1. So in the range 64-176, what percent of DSSP beta bridges are antiparallel if you round to the nearest 5?
2. In whole angstrom, how far apart do the alpha carbon centroids of the range 85-124 and the range 1-66 sit?
3. So what are the ³J(HN,Hα) numbers for the range 107-120, from phi and the Karplus equation (6.51, -1.76, 1.60; θ = phi - 60°), rounded to whole Hz, Gly and Pro as x?
4. How large is ³J(HN,Hα), in whole Hz, for each residue of the range 37-50 in order, when computed from phi with the Karplus curve 6.51 cos²θ - 1.76 cosθ + 1.60 and θ = phi - 60°, using x for Gly and Pro?
5. Which order do peptides 173-181, 126-134 fall in by mean Cβ count within 10 Å, highest first?
6. At a Cα cut-off below 16 Å, give the lysines reachable from K128, other chains included and same-chain residues fewer than 8 away excluded.
7. Using a cut-off of 22 Å between alpha-carbon atoms, which lysines can reach K12, once sequence neighbours fewer than 8 places away in the same chain are excluded?
8. Among R155, R95, what is the fewest-to-most ranking by other Cβ atoms within 10 Å?
Amino acid sequence: MIEFNEERHEYKHEGRVVPGVTSVLADIGLANYDYVDAETMEAAAKFGKAVHRVTELHDHNDLILKGLDPILKKYLNQWKKFLKDSGAKIIEIERRVFCKVYFYCGTLDRVIEIDGKYYVLDIKTGCKMKSHALQNAAYKYAYFNESINGEISRRLGKTTYTLYLKEDSYKLEPHKDKNDINFFLSALQIYNFKRRK
């Protein structure tokens, strides 16, 4: 059982606090936003969460368009355009995952199916960062190796994706480096080392 406290951005598995993927990457400096002032960072985070929520509601067929902020509607239109252009079928939405081997948690945005293969997809509204590939690799490992049945694992694509949404465009960035999971696990080791007593 995975619990998530959004206010503290803290995961627990069966009552034990577990490192979160994004917290690990931020803690050791791989997802560093120190150069951004706090007010701008807070506004960007709030907007990113709103875009995630709108796409999530859309994918669950629960979105009421009336009264939706026009800017959010533009981002939603780019999400819908991506789905149409790619022919992607949504398998999972905002799925929490736990890796029992390496002891970490996270929330992946989507698992999609394209041409019979399954892929982890992360949705971003900000700029491209190297850490996004490691983030997706961690989600993929936890989800496909530990969370689901073998049938889906056999249909696993080798690539993960980050979808960068803008008001009037989208860009799909593939992550193909098989070492991404090893880089994440190295980051996790450093994160854990810093907390040893």
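Every number in this text was worked out from the coordinates using simple rules, so none of it is lab data. Please read these numbers as outputs of a predicted model, since none were measured by experiment. A quick note on method: Cβ atoms are made from the backbone with ideal geometry, for glycine too, and the neighbour counts reach across all protein chains shown.
1. On the way: 20 of 25 bridges.
Of all bridge pairs located within the range 64-176, approximately 80 percent are antiparallel.
2. If we compute the Cα centre of each part, the gap is 15 Å.
3. Karplus values, whole Hz, x for Gly and Pro: 10, 7, 6, 8, 10, 10, 10, 10, 6, x, 10, 9, 9, 7.
4. These are the phi-based 3J(HN,Hα) values: 5, 4, 5, 5, 5, 5, 5, 5, 5, 4, 5, x, 5, 5 Hz.
5. Details: 173-181: 15.1, 126-134: 17.6.
Per-residue Cβ counts within 10 Å, averaged per peptide and sorted highest first, yield 126-134, 173-181.
6. K166, K171, K176
7. Straight-line reach from K12, under 22 Å: K49, K100, K140, K194, K197.
8. Working: R155 14, R95 19.
The fewest-first ordering by Cβ neighbours comes to R155, R95.
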